[in-house]
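Here's the structure we're looking at; comments come further down.
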Amino acid sequence: MDELDNHFAFQSRRAFLKQTAMGFGTLALSQLLFPFSANTAGSKLVQSAPGELQLPHFPARARRVIYLFQSGGPSQIELFDYKPELARWHGREIPDSIRSTQRNSGMVANQSSFPLVQSIFDFRQYGHSGAWVSELLPHTAQMVDEMCIIKSMYTDAINHEPAVMFVQTGSQQTGRPSIGAWLNYGLGSENDNLPAFVVLISKGGGAQPLNSSAWGAGFLPSHNQGVQFRSGKDPVLYLNNPYGIHPEDRREALDFIRDMNNHQEDLYGDPDIQSKIHQYEMAYRMQMAVPEAVDTSGEPDYIYEMYGADARKPGTYAANCLLARRLAERDVRFIQLYHMGWDQHGGLPSGISRQAKDTDQATAALLRDLKQRGLLEDTLVIWGGEFGRTSFSQGRLTKDNYGRDHHPGCFTMWMAGGGVKPGLVYGETDPLGYNVIRDGVHVHDFQATLMHLLGIDHERLTYKYQGRRFRLTDVHGKVVKDILV
């Protein structure tokens, strides 16, 4: 019970004075370990919700993350993992000795033939790194010298929802905190008027469902969860005052509710009460900050041209990439952009062509835009999905059509900025694109590396729940030091 009592005491307002001396004494050190910038638009140089850590474990290389999650499993063989050997094997059966090294999904259980298939798209080498990139991504290809392309990712999950949950929360089951929630819990916010964790979902990216648990807080205090910004008139639902309610009336009501909640906390010591207070106050401040942050009408024409024609259409991938840059400028710590529709079990050539066309220009523009504003150096940009695709064809292979099944054994992600080595191609898969043969990076390794770049030791940021201490990387994971600057 001592630990529980201490936890409640820490949450109490009466603990404030006990912490104040330490807080003032570490301000200078905080500036050295995790400096705030004065050149960001719309942000205040205070933390509205200091994190559990108070200070990072060590100096951070990145201050914020923009995670461009490509839901559905983009085919690495069509985009980044060039496999000329597949041309020689095209149409021939994948040897059982190779196919049996990986799990296959139930969608090919009744398939009797597993012909290997080379990509129908051409590849070329780009940049000083000589990275191979598909003709589907001409804009992204121009940015390879800013990117660290990891070809040797692998995961434990083979179906979409468990795989999405695994890469986003570290567990295949729902109910665990997401990456953004962990960062919010550990580091807090750098902006007094916007959430530390914002979620954007592209419209028109496919009908595959997306579970909101992927950006949930799990067992962490609820104010750490992601806040979804929607396109249209009301970016955050129920944020605006009802008709006839003036801001002064809302402020008075919130003050009364806050006093009642504080009294309730003094009586019962329930830590969830502080989460409620925080959420009420954040919503009130967001009423002014959110409309300004999401209003892109003042962006110059050359910016819209850089991101592409869709950037003028709210809710598209391009518009959300532009919005992500605006949120990064305002020191939102974790910006999660979901784009669905990469699930091509059949009709892959046409399907992946549409996906690439929707995302390629805006992705490259985001990197270029961040760099020209001096933000890429301390912004970690991530691109990737939940798993890869098989090198054999799912369904019938024809001259101009084929599909690919889910493949957890190897896939490609890339990272840029925020302390990762630019112009690096890391890891390797076998000549048939089926297994990792060099420098494998497990999902937990990726998560540990992400946290390291933000100054967090993934083994030390934990939360006690139901009798055990949990962490994002659960029970294993190592920092991939070879990709760090």
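Every read-out reported here was derived from the displayed coordinates using simple, explicitly stated rules and does not represent laboratory data. From a predicted model like this one, the values you see are computed outputs, not experimental measurements. Cβ coordinates were reconstructed from backbone atoms using ideal geometry, including for glycine residues, and neighbour counts include every protein chain displayed.
Which helices pass in the chain if a helix is a full DSSP H run, must span at least 27 angstrom along its long axis by Cα, and must have mean Kyte-Doolittle hydropathy not below -0.5? It would help to have the intermediate numbers written out before the result.
Details: long enough: 247-268 (31 Å, -1.64); 272-294 (30 Å, -0.40); 348-372 (35 Å, -0.64).
Helices passing the filter in the chain: 272-294.
In sequence order, the stretch 433-441 has phi-based couplings of x, 10, 9, 6, 10, 8, 6, x, 10 Hz under the Karplus curve 6.51 cos²θ - 1.76 cosθ + 1.60, θ = phi - 60°, and Gly or Pro positions carry x. Glu281 sits among other residues whose Cβ lies under 12 Å from its own Cβ, and their net charge, with Lys and Arg +1 and Asp and Glu -1, is +3. In a simple Cβ point-charge model (Lys, Arg +1; Asp, Glu -1; nothing else charged), the stretch 200-311 has a dipole of about 360 debye relative to its Cα centre. Report the local net charge at Arg326: Lys and Arg +1, Asp and Glu -1, summed over other residues whose C-beta lies under 14 Å from its C-beta. Residues close to Arg326 contribute a combined charge of -2.
Pull up the cross-link candidates among the lysines for Lys478, meaning alpha carbon to alpha carbon under 26 Å and not fewer than 8 places away within one chain. List returned: Lys151, Lys421, Lys464. Using every pair of separate Cα atoms, the Kirkwood estimate puts the hydrodynamic radius of the stretch 84-207 at 19.1 angstrom. Charging the Cβ of each Asp and Glu at -1 and of each Lys and Arg at +1, and nothing else, the dipole of the chain about its Cα centre rounds to 500 debye. When you filter the trypsin sites (Lys or Arg not before Pro) in the stretch 365-439 for DSSP loop state and at most 15 other Cβ atoms inside 10 Å of their Cβ, you are left with Arg373, Arg396, Lys399.
Rounded, prolate or oblate: which fits the stretch 380-424, taking a ≥ b ≥ c as square roots of the Cα gyration tensor eigenvalues, rounded meaning a/c under 1.5, else prolate when a/b beats b/c? Judged from the Cα gyration tensor, the stretch 380-424 comes out prolate (a/c at least 1.5, a/b above b/c). Placing +1 on the Cβ of every Lys and Arg and -1 on the Cβ of every Asp and Glu, with no other charges, gives the stretch 358-453 a dipole of roughly 180 debye about its Cα centre. Sparse packing (at most 15 other Cβ atoms within 10 Å of the Cβ) combined with a DSSP loop state is found for none of the GluC sites (Glu not before Pro) in the stretch 314-413. The H on the amide N of Thr412, modeled in the peptide plane, is under 5 Å from the matching H of Gln76, each at least 5 residues off or on a different chain.
Residue order for His339, His223, His345, fewest other beta carbons within 10 angstrom first, comes to His345, His223, His339.
Given axes a ≥ b ≥ c from the Cα gyration tensor, I'd like to know whether the stretch 202-274 is rounded (a/c under 1.5), prolate (a/b larger than b/c) or oblate.
On the way: a/c = 5.04, a/b = 1.37, b/c = 3.68.
Oblate, since a/c reaches 1.5 and b/c is not below a/b.
Ordering of 138-151, 256-269 by packing is 138-151, 256-269, highest average first (other Cβ atoms within 10 Å, averaged per residue). For Pro314, neighbours were defined as the other residues whose beta-carbon sits under 12 Å from its Cβ, and their charges (Lys and Arg +1, Asp and Glu -1) total +2. Dimensions of the stretch 234-388 along the principal axes, based on C-alpha atoms and rounded to the nearest Å, stand at 62, 37, 35, largest first. Fully extending the segment from His246 to Phe58 would add 63.1 nm, taking 0.36 nm per residue of separation and subtracting the current Cα-Cα distance.
Between the residues Gln70, Ala87, Gln111, the greatest Cα displacement towards the positive end of the dipole of the stretch 50-120, with unit charges on the Cβ of Lys, Arg, Asp and Glu, is found for Gln70.
Residue by residue, the stretch 468-485 carries 3J(HN,Hα) couplings of 9, 9, 9, 9, 4, 8, 6, 10, 7, x, 9, 6, 7, 5, 5, 9, 8, 5 Hz when phi is fed to the Karplus relation 6.51 cos²θ - 1.76 cosθ + 1.60 (θ = phi - 60°); x denotes Gly or Pro. Would you mind classifying the stretch 127-187 by shape? Square roots of the alpha carbon gyration tensor eigenvalues, ordered a ≥ b ≥ c; an a/c under 1.5 is rounded, otherwise it is prolate if a/b is larger than b/c and oblate if not. Prolate shape, in that a/c is at least 1.5 and a/b is the bigger ratio. Using only Cα atoms, locate the centre of the stretch 238-252 and the centre of the stretch 391-443, then give the distance between them in Å, rounded to an integer. The stretch 238-252 and the stretch 391-443 have Cα centres separated by 51 Å. Could you work out how far apart the two model spin labels at Asn435 and Ser100 are, taking each label as a point 7 Å from the Cα in the direction of the beta carbon, and quote it in nm? Output for this residue pair reads 1.2 nm.
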